[in-house]
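Have a look at the structure below, then the notes.
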Amino acid sequence: MASTGNDDRMAHMARADALMKQFHSAVEMDGEKNDWLLSIHVPTDMKLWHVRRALCEQIRSGSASGANLADAELIVGELVANMERHASGVGSFHLEWRGRCPRLLVLDDGPGFSASPSFEPPDAFAESGRGLDLISSLGLGVRLGNDPAGGAFVLVTLPVDGAAAQPL
């Protein structure tokens, strides 16, 4: 029996919740509930530039006045491009905002990372392979790996100072 879009969306939300619980418990979040500011499930027919724009607009709307958004937008753009390149554009993006800085969790349905992912570019003259290095350089914290449910995940704390971000 083929899965429906709603089944896929619910599976991605369950994967996101499980990963975030793991990461929150590692940094003691005082039992706070996971409230997503924005979750976007990306089926095969969705244009990823819509996703990038929606995420960047949400980050802008929750940022403090005068915040430097360029680094956060570059990270979002890189993660969107990586999903398209390495996972055929299928997965989900989950943006949450607790405290001062937003965090973005990306789950994809691709083959996952080979061996152990590295934040170093392959060599100085390579034309690709710099994405994780760029994300780790600009982000305030990055975790990544292969999801036991399949695919890969990247969790990054974005370098944006928030105003009074409130869930929608």
(message) Exactly one condition in (1) within 15 Å of G162 (Cβ to Cβ); (2) in contact with a Phe, Trp or Tyr (Cβ under 6 Å, 6 or more places away or on another chain); (3) modelled with pLDDT of 80 or more is false for R60; which is it?
(response) (2)
(request) Have a look at L69, L79 and point out the one that is modelled with pLDDT of 70 or more, more than 13 Å from the chain's Cα centre (by Cα) and closer than 15 Å to G139 by Cβ. (result) L69
(request) Of all residues in region 69-109, count the ones that are of a type in the set (A, V, I, L, M, F, W, C), surrounded by fewer than 18 Cβ atoms within 10 Å (Cβ to Cβ) and assigned to a helix (DSSP H, G or I). (result) 3
(message) I'd like to check something: does region 116-133 contain any residue that is modelled with pLDDT of 85 or more, over 17 Å from I40 (Cβ atoms) and of a type in the set (A, V, I, L, M, F, W, C)?
(response) yes
(request) Please identify the pairs in which a residue from region 90-107 that is farther than 24 Å from D7 by Cβ has its Cβ atom under 7 Å from the Cβ atom of a residue that is in a strand (DSSP E or B) and of a type in the set (S, T, Y), counting only partners at least 6 apart or on another chain. (result) C101/T157; R103/T157
(message) Here is a check on your reading of the model: is M13 under 20 Å from D161 (Cβ atoms) and either at pLDDT below 70 or not charged (D, E, K, R) (or both)?
(response) no
(message) For region 49-68, give me the residue count where each residue is surrounded by 13 or more Cβ atoms within 10 Å (Cβ to Cβ), of a type in the set (A, V, I, L, M, F, W, C) and part of a helix (DSSP H, G or I).
(response) 5
(message) Can you tell me which residue is modelled with the lowest pLDDT among those in region 147-167 that are small (G, A, S) and either closer than 21 Å to S61 by Cβ or assigned to a loop (DSSP other than H, G, I, E, B) (or both)?
(response) A165
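The values are calculated or read from the model by the stated rules, or taken from the named source; none is laboratory data. Remember, it's a predicted structure, so these values are computed and weren't measured experimentally. Cβ sites come from the backbone with ideal geometry, for glycine too, and all protein chains shown count toward neighbours.
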